[in-house]
1. Looking at Lys217, is it assigned to a helix (DSSP H, G or I) and more than 19 Å from the chain's Cα centre (by Cα)?
2. How many residues are of a type in the set (S, T, N, Q) and crowded, with 24+ Cβ neighbours inside 10 Å if we restrict to the stretch 199-219?
3. May I ask you to verify whether Gly144 is surrounded by fewer than 18 Cβ atoms within 10 Å (Cβ to Cβ), within 19 Å of Gly83 (Cβ to Cβ) and either in contact with a strand residue (DSSP E or B) (Cβ under 8 Å, 6 or more places away or on another chain) or free of Cβ contacts under 8 Å to residues at least 60 places away in the same chain (or both)?
4. If I ask for residues that are closer than 17 Å to Ala204 by Cα and either outside any loop (DSSP other than H, G, I, E, B) or at pLDDT below 95 (or both), which ones from the stretch 135-148 would you list?
5. May I ask you to verify whether Gly170 is under 20 Å from the mean Cα position of the chain (by Cα), exposed (fewer than 15 other Cβ atoms within 10 Å of the Cβ) and closer than 26 Å to Asn85 by Cα?
6. In the stretch 149-178, what count of residues is obtained for those that are touching an Asp or Glu at 6+ places or on another chain (Cβ under 6 Å) and assigned to a helix (DSSP H, G or I)?
7. Step by step: first the residues of the stretch 97-111, then only those that are touching a helix residue (DSSP H, G or I) at 6+ places or on another chain (Cβ under 7 Å) and of a type in the set (Gly, Ala, Ser), then the one that is surrounded by the fewest Cβ atoms within 10 Å (Cβ to Cβ). Which residue is that?
8. When the stretch 219-245 is examined, which residues are found to be of a type in the set (Asp, Glu) and under 19 Å from Ser262 (Cβ atoms)?
Amino acid sequence: MIHTKFTGLGIALITPFNEDESVDYERLGRLVEYQLQNNADYLVVLGTTGETPTLSEEEKTEIVDFVVSKVKGRVPIVLGVGGNNTAAIVKRLQTESFVGIDAILSVVPYYNKPSQEGIYQHYSAIAKASKLPIILYNVPGRTGVNMSVETTIRLAREFDNIIAIKEACGNMDQINDIIKRKPKEFMVLSGDDGIAYPLITMGAQGVISVIGNAFPKEFGRMIRLSLQGEYESAREIHQKFTDLFDLLFVDGNPAGVKCMLSLMGYIDNRLRLPLVPTRMDTYEKIRDVLKSLDVKC
C-alpha cells in the first residue's frame, strides 16, 4: 500500500529564533498555522532546515510537543530521527513514545562514511526497532556518502516499514533508476525544490520542501497539478520560482528561506552559529525576486 498521507507537499519546518537566540514559539506557531491554512500535506519537524544540530535535547522535545499540540492531528507529522550512532537511534526508537508522530525521517549516517553494507545494516537496525514508517534520506552533499540505488532498492524490498526515500543526491539518472526499479508501493520524494517538478513527471510522489515554508499555497498547487498530470500548468508555476531556487541555497540552508520569511514579515532573520544570515547582495536579490512575484516586503 502506498502511504498517500506522505504524497504531495511536505514542509521542512524552520526554527525561528528570538533576539536572544531562544526558540520563538509565537512565530513558530504562526508559521505552522500558515502552512495548515495553505494546504500543506504534512510537516517535517527537526530536519536539516530546522537547524537541529544547534538545538539542545530539551529544545528538541519542546519543539516536537509544541508542533504536535498546534497541529492537533490536522496533517501528518514526520520527525527527523537520524545520526551516525546506530545504537543510540535504535535505543531512542525503542524507548520513546512518539505520540502524535506519523513517520520517521532518518538521514544516511554522516561523517563516519560507512560502506554500502554499513548503510544497509544501519537502516536494517532502525527498521527492526521502529514502530513507525521510515522515510530514508539521502543527501550526500551533507553526509559525505551517497546511498546507492542498489542499497535503496534492497531496503525498500526487504522492510515493509521503509516506505519512502527523500532523495537529494542531485543526480537525475540515479533518482530515475530508483523510480524504475523500486517496489510499486515505495515512494520517491524530491529533496530538492528545484527538481521536484521534473521528478514528479518521472514518477516521484512529492517533495519535502524548503521553499514551501514561504509559499505553501503556490508551491503546493504546482506539486498537486504535477501529480494530476497537468504538466503545462505546473510548469508555469515552476518557472516562476526558478530564480528563487538557487538564491535559497547560495549562502546555505536555511539562511535563504529565513531571509525570505523575514522579508515577508513572518520571522526575524536569525540563525544560530555556525550558520549566519545571507550576504547583503543575496538579501537584495531575494527581495527583488519577491517583489517581482508581487510579494510585499
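1. Details: assigned to a helix (DSSP H, G or I): yes; more than 19 Å from the chain's Cα centre (by Cα): no.
Considered against the rule, which asks whether it is assigned to a helix (DSSP H, G or I) and more than 19 Å from the chain's Cα centre (by Cα), Lys217 comes out as no.
2. Going through the stretch 199-219 one residue at a time, the tally reaches 2.
3. yes
4. Selection gives Ile135, Leu136, Tyr137, Asn138.
5. no
6. Result for the stretch 149-178: 2.
7. Here the answer is Gly100.
8. Asp243
The values are calculated or read from the model by the stated rules, or taken from the named source; none is laboratory data. None of these values were measured; they are calculated from a predicted model. Neighbour counts run over all protein chains shown; Cβ positions are idealised from the backbone, glycine included.
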